[in-house]
Amino acid sequence: MKNLLGGKGANLAEMAGHKDLKLPVPPGFTITTEVCTYFYDNKRQYPSTLEKQIKDALAQVEKLMGKKFGDVKNPLLMSVRSGARKSMPGMMDTVLNIGLNDETIQGLIAESGDERFAYDAYRRLVMMYADVVIEKAGGMEPAKGIGIRKIMDERLEEVKKEKGVELDTDLSADDLKKLVKEFKALTKKHLKQDFPETPWDQLMGGVGAVFASWNGKRAIEYRRIERIPDEWGTAVNVQAMVFGNMGNDSCTGVAFTRNPGNGENKFYGEYLVNAQGEDVVAGIRTPAPINQYSKNDHSKNLTTLEKFMPEQYKELDEIQQRLEKHYKDMQDIEFTIEKGKLYMLQCRVGKRNGVSAVKMAADMYKEGMIDAETAILRVNPNQLVELLLPMFDPDIEKTHKVIAKGLPAGPGGAVGRVVFSSEDAVEWASKGEKVILVREETSPEDVDGMHKSEAILTTKGGMTSHAALVARGWGKCCIVGCSEISIHDKEKYFVTKDGKKIKEGDWVSLNGSKGTVYEGSLPLIDVDLNKNQSYKQLMTLVDKYKTMGVRTNADTPKDVEQATYFGAEGVGLFRTEHMFYGEGSDKPLFLLRKMIMSDTEQERKSALNELFTFVKRDIKATLEVMKGNPVTIRLLDPPLHEFVPHDKAKLQELSKELGVSMSILNRRILALHENNPMLGHRGVRLGVSYPEITEMQVRAIFEAAGELQKEGVKAFPEIMIPVTCGRHELSHQKAIVDKVYDETLEKLGVKKIPYLYGTMIEIPRAALKADSMAMVADFFSFGTNDLTQMSFGFSRDDIGGFLPKYLDLKLLPGDPFVSIDQSGVGELIKIGVERGRKTKPNLKVGICGEHGGDAESVKFCHSIGMNYVSCSPFRVPIARLAAAQAAI
Ligand code: ADP
Ligand code: MG
Ligand code: MG
């Protein structure tokens, strides 16, 4: 019932009530997401029945707990916790210890016999209430940018200094009692409001704050990044408090049923003795490991929970196993032990990085916990990118000195320039700088900057800290708890333990898999995927389920080989013009220019003849690597003017070669000039104006394939005509193909060269005229880059000027060049497929735009019956997984 109760509420109810679980959960109740929706639909008013229902539910909790809310003798304290459908870690606020005031505290002291504990709970309540309810939910701008929380935190630090103690827990009851008074005064001074003494007001204030925080800045930001709809709303969980801060036989902790960093099937977690709430996550003290396995460099000398409280650890371990079995997935759990009694406070499906996601899916399938379909659906295709994450070249890394070491919270290597605030990260990144965000700790306010950074480095916090959690969710390189460095964020530098000063803008390199930091920028290399057994096992399942082919867009034998290694089953787009762009010899480019600048057919033919050798060699090499798998070769596409030389030396060389004067040459260049080249003389139009260009390319293709055939190598080229908008263009080019085909058979003395003839569909008209186009074409390949460009009338190269505004104002749900605009451009594609197949039922249909590597677009392609998608080599695994998920 996550939609109604939110994730936290649903799981709390399930842990407490499900017959297989019946776990020790403090009693409580959930105010549903419907109330949140009502609240926002009705000018922030509650439904009229709410108050009574809360009072009734509260009475039941009182009965179960044997305490009374607001009672001066035996007071019940409550927590107010938010909980949306999808977990938004740290995004929403929680208020603990609700129900305390100057009177009820006497009851708490008497009941617990521990004055220090009682005042610790009280000062926390005042702090959280002022921060969360009065300041944040009240929409107050903190004075001079310093929030009340920080003011109070600083005061707390001062008092600790005055008292000469290091830890919060070392403060006496009297110290805390004074702090409560001071905090109330600070609230009044800075926020111009009194801390409410009435428990009921506190409770309703807390409830209102949770609803308000749904529309707080950080929650909105997080939703935008994670694409969580604004309409969902949040639930509010009101729950009886249990206390992890009731002395040294109490503690609080966070754990995972498997290691979220590497996927190993080992119970992993951290805890803090005599602590409450978010002390673990906030990194106030270094948390201790729950067991031997969870130890790290910082915590290796701390006592494990297993040693410290063996019985409770055993119970917790047993519970975590039951939870994983019940939910059939890795769980992230929160627990508290109050005076030796264990309570479960939360469980949810744990976030994990890509490497772990793949390992857990493969392992759980092997363990028989989940079936193949579930295993395939468990991994977000985009997470596979992390398995391909670049790492530092180990040989080079060895020779560099580690300047600092922290906890490896997010894997992979990252290189960037140091910045010290989220705002700077955003600003620098917008200028195209690669940045590494360095902070003592991160808070939900930093998400934007974290998102824009290559990596995050924090000095405080453990593997369950905010930074670690968020980075893990995004698959970002992250190192936390790097306490060896000290940050001077006002002066914008940090100092390593050897005294090295690293200033803002300096380059550093982070190895997030090892937790090591280096000065300067280390070179990154790619990893060997096939050494990853879990990946191989998962992809074997993937290939069993997917029905669509996955090809690659590649122009060189090297890229094609790379793509085959990633599992590509063919080439969906080989661009002949590739050989003219840099790389290797510039002879082909020179010959092409010579051809362009030729004035007569005679001149042009002789230039083309020279060029032929190069084109054939390139095509042959690629066909050879593909060993009979289809290779779609697109004939020359770009406007000729793109290849016109502009520097004088090159022009002079040309003028000499062609034997024409510079002024004639310049006149020819002028003639080639176009106002709108992308809609100008390009694609099939070149082949229509200059049939000899088509002829040369087609001859190169047939001869390459025919020769391979004679050498005993299978070859299967598919000739693809770009930028067509009707049947007649296709027929015109087909005549050339037919003629060259016959000539080649004769020349090589072979009976047959298998091939297909087809076209790109990238102009809206072509999609609409697909029925007649299919009379001539054996296949269609949707060129969705151009199709998107021409459907929207958005120039892809100029979109930077206006798209960000469109996205901000939500005039578009996303960048249509990244994920297919299904309702618009997608409709054209659908029409194209349907009409094409009406004419030719076995028409082969694929896609070769950038979208072929976008998981959502791949699923769309599957749904409309495409035969294959084609994408860049590194996206091939993503497309395979997405194709399998679409088929399930
Ligand atoms: P988040 O969604 O940020 O994880 P939670 O609602 O889980 O927020 O609250 C944060 C922390 O507060 C919990 O991890 C837990 O330690 C503490 N907490 C919440 N409710 C209770 C409770 N009823 N008793 C004791 N501690 C609680
Ligand atoms: Mg929580
Ligand atoms: Mg195109």
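One table, with the values for the structure above:
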{"item": "All positions within the range 531-561 that are free of Cβ contacts under 8 Å to residues at least 40 places away in the same chain and outside the structural domain of Arg634 (by TED's automatic domain parsing)", "result": "Lys531, Lys536, Thr540"}
{"item": "Tally, over the range 137-172, of residues that are at pLDDT 85 or above, charged (D, E, K, R) and within 32 Å of the chain's Cα centre (by Cα)", "result": "2"}
{"item": "Set Leu345, Leu377, Leu407: member being touching a helix residue (DSSP H, G or I) at 6+ places or on another chain (Cβ under 7 Å) and either touching a residue at least 12 places away in the same chain (Cβ under 8 Å) or not acidic (Asp, Glu) (or both)", "result": "Leu377"}
{"item": "Some residue of the range 57-64 being assigned to a loop (DSSP other than H, G, I, E, B) and out of contact with any Phe, Trp or Tyr (no Cβ under 7 Å at 6 or more places or on another chain)", "result": "no"}
{"item": "Leu651, sole failed condition from (1) farther than 30 Å from Val560 by Cβ; (2) touching a residue at least 24 places away in the same chain (Cβ under 8 Å); (3) surrounded by 15 or more Cβ atoms within 10 Å (Cβ to Cβ)", "result": "(2)"}
{"item": "Within the range 68-91, considering residues that are surrounded by 19 or more Cβ atoms within 10 Å (Cβ to Cβ) and assigned to a loop (DSSP other than H, G, I, E, B), the one farthest from the chain's Cα centre (by Cα)", "result": "Gly70"}
{"item": "Filter result for Gly107 (more than 16 Å from ligand 2 (Cβ to nearest atom), of a type in the set (Gly, Ala, Ser) and touching a Lys or Arg at 6+ places or on another chain (Cβ under 6 Å))", "result": "yes"}
{"item": "Test: residue in the range 343-351 that is closer than 25 Å to Gly406 by Cα and either away from ligand 3 (no atom under 16 Å from the Cβ) or out of contact with any Cys (no Cβ under 8 Å at 6 or more places or on another chain) (or both)", "result": "yes"}
{"item": "Conditions (1) at pLDDT below 95; (2) touching a strand residue (DSSP E or B) at 6+ places or on another chain (Cβ under 6 Å): number failed by Gln202", "result": "(1)"}
{"item": "Selection within the range 100-119 - of a type in the set (S, T, N, Q) and out of contact with any helix residue (DSSP H, G or I) (no Cβ under 8 Å at 6 or more places or on another chain)", "result": "Gln106"}
{"item": "Enumerated helices (runs of 4 or more DSSP H) restricted to the range 637-754, each holding at least 1 residues that are over 28 Å from Ala621 (Cβ atoms) and either away from ligand 2 (no atom under 16 Å from the Cβ) or in contact with a strand residue (DSSP E or B) (Cβ under 7 Å, 6 or more places away or on another chain) (or both)", "result": "648-658, 662-672, 684-689, 727-748"}
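Residues checked against (1) within 16 Å of ligand 2 (Cβ to nearest atom); (2) in contact with a strand residue (DSSP E or B) (Cβ under 9 Å, 6 or more places away or on another chain); (3) at pLDDT 95 or above; (4) polar (S, T, N, Q):
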{"position": "Leu50", "(1), (2), (3), (4)": "no, yes, yes, no"}
{"position": "Lys55", "(1), (2), (3), (4)": "no, no, yes, no"}
{"position": "Phe69", "(1), (2), (3), (4)": "no, yes, yes, no"}
{"position": "Gly83", "(1), (2), (3), (4)": "yes, yes, no, no"}
{"position": "Met88", "(1), (2), (3), (4)": "yes, yes, no, no"}
{"position": "Val95", "(1), (2), (3), (4)": "yes, yes, no, no"}
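The values are calculated or read from the model by the stated rules, or taken from the named source; none is laboratory data. All of these numbers come straight from a predicted model, not from anything done at the bench. Backbone-built Cβ (ideal geometry, glycine too); neighbour counts: all protein chains shown.
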